[in-house]
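K.L.:
Sharing a structure here in structure tokens format.
The values are calculated or read from the model by the stated rules, or taken from the named source; none is laboratory data. Just so you know, these numbers come straight off a predicted model, no measurement behind them. Cβ atoms come from the backbone with ideal geometry, glycine included; neighbour counts cover every protein chain shown.
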Amino acid sequence: MICIPSYKRPIMKTLVTLKDYPKDKIKIFVISEEYELYKNLNPEYEIIVGVLGVANQRQFNQIFFFEFLKQKIDIIVSFL
């Protein structure tokens, strides 16, 4: 999975670089004020509302993905 923090750059060169990577594995983190703009310009990607500031966003991403993985583990354990 690839996490891309983005601020004021809804048309991203990074996505061109990742064109061969599965789009469902790319998460773009933006602030709430830019959510609709990013969603309209990048409809095939998952856009997630994060927080302002790159250091704050990185911390938010760690928490987000920890919870994401925890949910997946809980689902797997429930089938055992």
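K.L.:
Restricting to region 1-30, name every residue that is surrounded by 14 or more Cβ atoms within 10 Å (Cβ to Cβ), assigned to a loop (DSSP other than H, G, I, E, B) and not aromatic (Phe, Trp, Tyr). Write out each step before concluding.
P.N.:
The first filter runs over region 1-30 and keeps only residues surrounded by 14 or more Cβ atoms within 10 Å (Cβ to Cβ), leaving 3-7, 10, 12, 15, 18, 26-30.
Then keep just the ones that are assigned to a loop (DSSP other than H, G, I, E, B); that gives 6-7, 10, 12, 18.
Ser6, Pro10, Met12, Leu18, listed by residue number.
K.L.:
Could you list all residues from region 59-74 that are more than 12 Å from the chain's Cα centre (by Cα), of a type outside the set (A, V, I, L, M) and either at pLDDT below 75 or not in a helix (DSSP H, G or I) (or both)?
P.N.:
Passing the criteria: Lys70, Gln71, Lys72, Asp74.
K.L.:
Those residues that are surrounded by 12 or more Cβ atoms within 10 Å (Cβ to Cβ) and either free of Cβ contacts under 8 Å to residues at least 24 places away in the same chain or of a type outside the set (A, V, I, L, M, F, W, C) (or both), I need them from region 47-63; list them, please.
P.N.:
Ile47, Ile48, Val49, Gly50, Val51, Gly53, Asn56, Gln57, Arg58, Gln59, Asn61
K.L.:
Okay, moving on. Identify, from the list Val49, Val16, the residue that is within 14 Å of the chain's Cα centre (by Cα) and either of a type outside the set (Phe, Trp, Tyr) or modelled with pLDDT under 90 (or both). Let's see the steps before the verdict.
P.N.:
Numbers: Val16 fails: within 14 Å of the chain's Cα centre (by Cα).
When all the criteria are applied, what remains is Val49.
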